[in-house]
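Novice: Sending over a structure as structure tokens; questions will come in a sec.
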Amino acid sequence: MVPMSASRPYHHGDLRAALLASAERTLRERGSAALSLRELARDIGVSHAAPGRHFKDKQALLDALARSGFERLNQALDSAELPDNPLEPRITALARAYVTFAVDHPELLELMYSRKHDPDIDTELAAAAEHSMGYFVQLVADAQRRGEIVEGDPETVMLAAAAGIHGLAVLATNGTLRPDAVLAGLDRHIHLLLHGLKPR
């Protein structure tokens with residue numbers, strides 16, 4: 001084992017978490033192309049072979065990092081969920097949690113969606129991704145039951161809402177729009193999403 005880095009202390013028994021934390025730092029600072037199991041091992045002060053006990057290759061590491069992102073996103077959505085509220089405040093709260101997560105973790109969000117429809121996707125990653133969309137599918141199903149939204153397949157209806165919300169998140173993280181402006185105008189964006197653009 002190589003000497004432990006003074007700035008990246010590694011505590012025995014928590015190697016996987018240490019690798020993921022170091023990987024997320026690298027992702028944020030230098031992008032996914034810069035990720036290397038060997039460099040991560042060096043960063044946290046373990047032998048170059050040690051990461052292989054948890055990740056067979058770089059893709060396995062990326063999948064685990066993406067899964068961690070979805071799990072944290074799902075925690076944020078779960079905390080924002082207002083199941084007993086009417087449609088508009090409920091979807092606005094979920095949208096705010098989603099966009100806030102995106103603004104705080106733009107590189108991670110991009111990684112999270114990079115393999116979502118890959119036929120060889122890790123099953124746990126796929127389940128975590130589906131869970132995040134499940135909040136919006138359930139919202140649509142509940143709103144349909146209350147007569148608050150159009151009828152139809154809940155997943156199909158959800159796509160229209162989710163595409164709008166994800167689009168706002170991307171615009172807020174790629175430099176097109178200021179994140180604070182997107183969050184400040186989120187109530188209006190959701191109102192337009194739900195009520196359309198035709199004059200009434």
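Novice: Looking at the range 178-189, which of its residues are aliphatic (A, V, I, L, M) and either at pLDDT below 95 or over 24 Å from Y135 (Cβ atoms) (or both)?
Specialist: The answer is A181, and nothing else.
Novice: Would the range 104-115 turn up any residue that is exposed (fewer than 14 other Cβ atoms within 10 Å of the Cβ) and in a helix (DSSP H, G or I)?
Specialist: Taking every residue of the range 104-115 in turn, at least one turns out to be exposed (fewer than 14 other Cβ atoms within 10 Å of the Cβ) and in a helix (DSSP H, G or I).
Novice: Right, another one. List pairs: first in the range 118-133 and farther than 16 Å from L65 by Cα, second among the aliphatic types (A, V, I, L, M) and part of a helix (DSSP H, G or I), Cβ under 8 Å, 6+ apart or cross-chain?
Specialist: M133/M158; M133/A162
The values are calculated or read from the model by the stated rules, or taken from the named source; none is laboratory data. Source: prediction; values computed, not measured. Counting neighbours? That spans all protein chains shown, and the Cβs are built from the backbone with ideal geometry, glycine included.
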